[in-house]
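First up is the structure itself, then whatever we jot down about it.
Read-outs: derived from the displayed coordinates by stated rules, not from any lab. Not measured: the values here are computed from a predicted model. FYI the Cβ positions are ideal-geometry reconstructions off the backbone, even for glycines, and counts take in every protein chain you see.
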Amino acid sequence: MSKVLKVVDISEPIESISDTLLEAAREQGFLFVEGHDFTQEEVDILFTLSKQFFEETPDDVKSQYSINKNNIGYTHFTNEQLDPRKARDFKEGYNFGFINFKTGQFNINEDEYMGKENTDSQRTSGSKNDVPTFFQSKQELISRTTQKLHATAARILEVMTRGLQVEDPEFFTSKHRPDKPSGCVFRMLRYPLIREDLDATLDYDPTIRAGAHTDYGSLTLLFQREGQQGLQLQTGDPENNDGWTEVPFVRSKYEGKAPPLVVNFGDLLSYWTNGVLKSTVHRVKFSPGESRESDRYSIVFFVHPENSTLLTPVPSELVASAGNGAAPPTITAAQHLQERLAATYESRT
Ligand SMILES: O=C(O)CCC(=O)C(=O)O
Ligand SMILES: [Fe+2]
């Protein structure tokens, strides 16, 4: 696998970028996406918000919002174990979910999001998905950000559809409509600074910030900060350090814009395309030479199709010729996600 990630500018005409995007998706499963709509200032504000939340919120308050069965809420340092063979991850995060990208509402209560009537005679016990008090005055910023991320993802899907030579340009976007229930999650992550003195007492390896894993959904869009690299792709033998390639930090070519998004393809798209699109194993680790002066923060948007999407064959010659002729599985996007989540979290409230 080539170790150099491609940069695709999604503001350019689709016919001039779709082959490059497909090549990146097939070969690396990762690429940089330039030409998005985010300014540096906007992304700085998001990172400041994330830092304030993690630093200023007491642990007992964070735990009141612990991650729930809808994959919404706060995850503690060692709650998540992405690579079951290795130590638990050394990080904390907050997931926003149950988002309506049309209205901008997020953490919508379960009954409303799933479209259930909540009359007295039919009362259900759906989760409320409360927004932590800290974020309540920031709802507009969070809404706008998730809406822009979803629109960016739709553009990437459109380019990908063209690259796959699917005749219907809306084949994928029509299964990612903004106002339908899906597993999309907007996540803030903090990986604390490693303190060698403290770490000796820990019973897990703090240099593993996120264990080796693949993402579950269709696409993942990620903002990282300059000087806070550490995301690595598996490009060879995972037991050997040379088998991992670090995602570098690159600046935008556009004045005032945020850096290109790091984009990767998830298990669901790989499965759906008979493996034509690659869902590449990645991890987050301290690497030699990295600044140990500050925590590492990242902001991630996990894109999923609508829950009810049936993963039936993609009408593409490229996909058909990659298959083994077996009958298409009839699971939905929601089932696919639940199976993966069950394996990742040991206990959730
Ligand atoms: O923080 C990062 O750079 C990557 C996080 C990640 O891979 C994940 O949460 O799935
Ligand atoms: Fe990931």
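Output ³J(HN,Hα) for segment 106-115: one whole-Hz value per residue in order, computed from phi by the Karplus curve 6.51 cos²θ - 1.76 cosθ + 1.60 with θ = phi - 60°, and x for Gly and Pro.
For segment 106-115, the Karplus-derived couplings read 9, 6, 5, 5, 4, 4, 5, 5, 7, x Hz, x marking Gly and Pro.
Which order do the peptides 134-144, 96-106 come out in when sorted by mean C-beta neighbours inside 10 angstrom, highest first?
Details: 134-144: 14.3, 96-106: 20.1.
Going by the mean number of other Cβ atoms within 10 Å, highest first, we get 96-106, 134-144.
Rounded to the nearest whole Å³, what is the per residue volume of the convex hull around the Cα atoms of segment 119-188?
Details: hull volume 9.8 nm³, N = 70.
Hull volume over Cα atoms, normalised by residue count, gives 140 Å³.
Using Stokes-Einstein with the Kirkwood hydrodynamic radius over Cα pairs, what translational diffusion coefficient do you get for segment 1-53 at 37 °C and a viscosity of 0.692 mPa s, in µm²/s rounded to a whole number? The partial results should precede the final answer.
On the way: Rh = 12.9 Å.
After rounding, the answer is 254 µm²/s.
Binned at 5 Å from 0, what are the whole-percent values of the Cα-Cα distance distribution for segment 206-255, short to long?
It works out to 4, 15, 21, 27, 18, 10, 4, 1, 0, in whole percents.
Relative to the present Cα-Cα distance, how much length would full extension add between Asp19 and Glu140 at 0.36 nm per residue of separation? Intermediate results must be reported in sequence, preceding the final value.
Values: separation 121, 0.36 × 121 = 43.56 nm, distance 3.64 nm.
Here the answer is 39.9 nm.
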